[in-house]
Amino acid sequence: ARQSSLKGKRIMITAGPTYEKIDPVRFIGNYSSGKMGFAIAEECAERGAEVILIAGPVALKTSNRNIHRTDVESCEQMYRAAIGAFKDCDAAILCAAVADFMPAEVAERKIKREKEDLVIRLQPTHDIAAQLGKMKKANQKLVGFALETNDEENNAKGKLERKNLDFIVLNSLRNEGTCFRSDENMITILSKNSRKKFPKKSKAEVAKDIADELEHALG
Ligand code: C5P
């Protein structure tokens with residue numbers, strides 16, 4: 001294998017959705033499969049990095065010995081695991097589709113049907129990316145993802161700045177047959193001064209492009 005500048009680096013990756021409990025049997029979730037994050041974890045591990053994978057509830061397995069996996073369910077749990085691991089990492093790639101809101105209280109018993117209507121009050125979750133952006137040291141790199149339905153590049157650029165990211169991977173919901181649950185993806189990588197648009201590829205191939213960009217950023 002060719003020499004990679006990721007060899008020996010410690011890279012944290014968040015992947016998958018989060019589930020936010022409503023009652024003992026229900027949750028608020030999203031369609032993320034975790035495939036993109038797991039593909040990046042495999043690619044970085046193959047290049048010799050030590051990967052800390054923090055995974056939400058997904059149906060995926062990992063095989064590479066260089067991947068150290070922690071399974072979590074909620075944003076709160078993912079937040080704690082990520083904050084704890086980041087200080088010893090050279091970079092973090094935040095691929096997880098984290099819930100932005102969670103139920104303000106969790107019902108102790110299963111909510112019953114016999115009601116006129118049901119209101120579930122939500123409160124904001126921690127923004128893991130923004131918090132890591134605040135903790136980030138000069139020698140650490142932080143990579144985010146953006147999934148937008150409109151005004152994609154401007155929204156992604158806003159996130160890049162607000163969350164203090166080194167680059168952001170934009171995937172648009174407009175592209176048919178890409179993104180959630182799909183095995184393919186079509187991305188644009190945006191940094192402060194650059195913009196790279198890639199064609200539709202398998203997630204394994206997309207992971208290579210992202211790993212290349214990270215190698216470049218780490219120097
Ligand atoms: O603001 P938005 O959710 O669109 O930002 C997306 C980026 O921020 C992704 O990299 C995602 O993993 C990360 N994020 C996070 N914690 C949240 C929400 C988003 O780390 N609570």
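Okay, residues lined up against (1) modelled with pLDDT of 95 or more; (2) charged (D, E, K, R):
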site: A1; (1), (2): no, no
site: P17; (1), (2): yes, no
site: E20; (1), (2): yes, yes
site: L60; (1), (2): yes, no
site: R65; (1), (2): yes, yes
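Say we look at segment 141-155 and pick out the residues that are surrounded by 18 or more Cβ atoms within 10 Å (Cβ to Cβ) and over 14 Å from the mean Cα position of the chain (by Cα); which of these is nearest to D127 (Cα to Cα)?
Per the criteria, the residue is K141.
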Quiz prompt | Out of G48, G37, sole residue that is within 16 Å of the ligand (Cβ to nearest atom) and not hydroxyl-bearing (S, T, Y) | solution = G37
Practice problem: Consider A99 carefully, then state whether it is crowded, with 20+ Cβ neighbours inside 10 Å and assigned to a loop (DSSP other than H, G, I, E, B). | Solution: yes
Quiz item: How do the pairs read when you match residues in segment 114-132 that are more than 20 Å from P103 (Cα to Cα) with residues anywhere that are part of a helix (DSSP H, G or I) and within 13 Å of the ligand (Cβ to nearest atom), using Cβ under 6 Å and keeping only pairs 6 or more apart or on different chains?
Solution: L132/F86
Quiz item: From the set of residues in segment 140-159 that are more than 12 Å from A92 (Cα to Cα) and part of a loop (DSSP other than H, G, I, E, B), which is nearest to the ligand (Cβ to nearest atom)?
Solution: T149
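Within segment 174-183, can one find any residue that is more than 8 Å from the ligand (Cβ to nearest atom), in contact with a strand residue (DSSP E or B) (Cβ under 7 Å, 6 or more places away or on another chain), modelled with pLDDT of 90 or more and in a loop (DSSP other than H, G, I, E, B)?
no
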Quiz item: Which residue, of D88, D117, D71, is at pLDDT below 95, away from the ligand (no atom under 16 Å from the Cβ) and surrounded by fewer than 16 Cβ atoms within 10 Å (Cβ to Cβ)?
Solution: D117
Practice problem: Given the conditions (1) more than 30 Å from K21 (Cβ to Cβ); (2) in a helix (DSSP H, G or I); (3) touching a strand residue (DSSP E or B) at 6+ places or on another chain (Cβ under 7 Å); (4) within 12 Å of the ligand (Cβ to nearest atom), report the number of the one that V206 does not fulfil. | Solution: (4)
Exercise. Please determine, by comparing only the residues of segment 54-68 that are touching a helix residue (DSSP H, G or I) at 6+ places or on another chain (Cβ under 9 Å) and in contact (Cβ under 8 Å) with a residue 24 or more places away in the chain, which one is surrounded by the most Cβ atoms within 10 Å (Cβ to Cβ).
Key: I54
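The values are calculated or read from the model by the stated rules, or taken from the named source; none is laboratory data. Just so you know, these numbers come straight off a predicted model, no measurement behind them. Neighbour counts are summed over all protein chains in view; Cβ atoms, including those assigned to glycine, are modelled from backbone coordinates with ideal geometry.
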